[in-house]
Structure formats: C-alpha cells, structure tokens
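Reading through the structure tokens given below for one structure.
The values are calculated or read from the model by the stated rules, or taken from the named source; none is laboratory data. Fair warning: this is a prediction, and the values are worked out from it, not measured in the lab. Here the Cβ positions follow ideal geometry from the backbone for every residue, glycine too, while neighbour counts run over all protein chains shown.
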Amino acid sequence: MQHAVKQHFERKKKQKILSMTNGEAAAALSEEQQGELGVYMERIKGEYLQKILEEVNNQNLDYFENLACEYTLRLQSLETGQAQDVDTMEEGMSFLNNPQVLRMHLDILYKSITFISKDRIAEKLDGYRQSKEEKKREEEERLLLQ
C-alpha cells in the first residue's frame, strides 16, 4: 500500500514539473540547484560551440583541399595539352587557362593554408579525380534521362 501511495505522489510530482513553464521551474529550484544548472548549461553550450567549430574546420579543410586538387588537375591538363579552355565568359575564371597563374595560386594556397601540403594533395588527387569524373557521368546520365 505504501508503495502505491509513493508511486502516486511521484507521478503527481512529475506531472506538476512537466506542466511548469521554464520560468516557474527555474523559480522552484534552490540556490544551489540554480548554480548547478548554470554550470551545466555553460558546459553544454561550450560542447555545442566546440562541435560547431570542428564542423566549420572540417568544411574549411575540405574546401581548400578540393580547391588545391582542382588547380592541380587543371595545371596538369594544361601542361600536357589536354585541357579544354574554361569558359572565359564567367567573370574571374579566365585565370584557369594560364599555367603561371595557376602555379601562383597553388603556391599561395600551400604557403598560406598551413593544414594542406603538396604531399597531402598528391595523396588525395586520384580520389578527387575519380569523384569528379563520377559526378560528371552522373550529371550526363541525369541529362539523358530528362
């Protein structure tokens, strides 16, 4: 019987807590509980911001590695004579037809972005090339189906 009564009061207590607004719930906390809640919230905010920062860093790493891969592939194709001219109608893209400018851009990337290197890009280049070719094939297939 005591167990049933205890369960009843626990259930009522939970229902009351669930029906409270955030302000009411915060007001019902003791000073010590409010301090603990504040510390907990600051820790959670810190962890959340750290996760966001890690995601941004990963996106930046991917962006600059892909950019270096793209410039490297373009430079290789220009040097072997297999390159097709990039549509110079797109403003700012004509530099992709000039090997000296591409080399300069790559040098700037390697010197200014400390987390990429020529060795790292050389390792990723084949995978990037395959991924790019696969995306191109998928786009061609998609256009054929339309």
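Just a few scattered comments:
- Of all residues in segment 33-57 being under 30 Å from I116 (Cα atoms) and among the β-branched types (V, I, T), the one that is modelled with the highest pLDDT: I52
- Here L53 fulfils each of the conditions (1) under 30 Å from K132 (Cα atoms); (2) not in a helix (DSSP H, G or I) apart from (2).
- Scope segment 92-142; condition hydrophobic (A, V, I, L, M, F, W, C), surrounded by 14 or more Cβ atoms within 10 Å (Cβ to Cβ) and within 22 Å of Q59 (Cβ to Cβ); matching residues: L106, L109, I113, I116, I121, L125
- Sole residue being touching a Lys or Arg at 6+ places or on another chain (Cβ under 7 Å) and at pLDDT 90 or above, chosen from L67, L73, L106: L73
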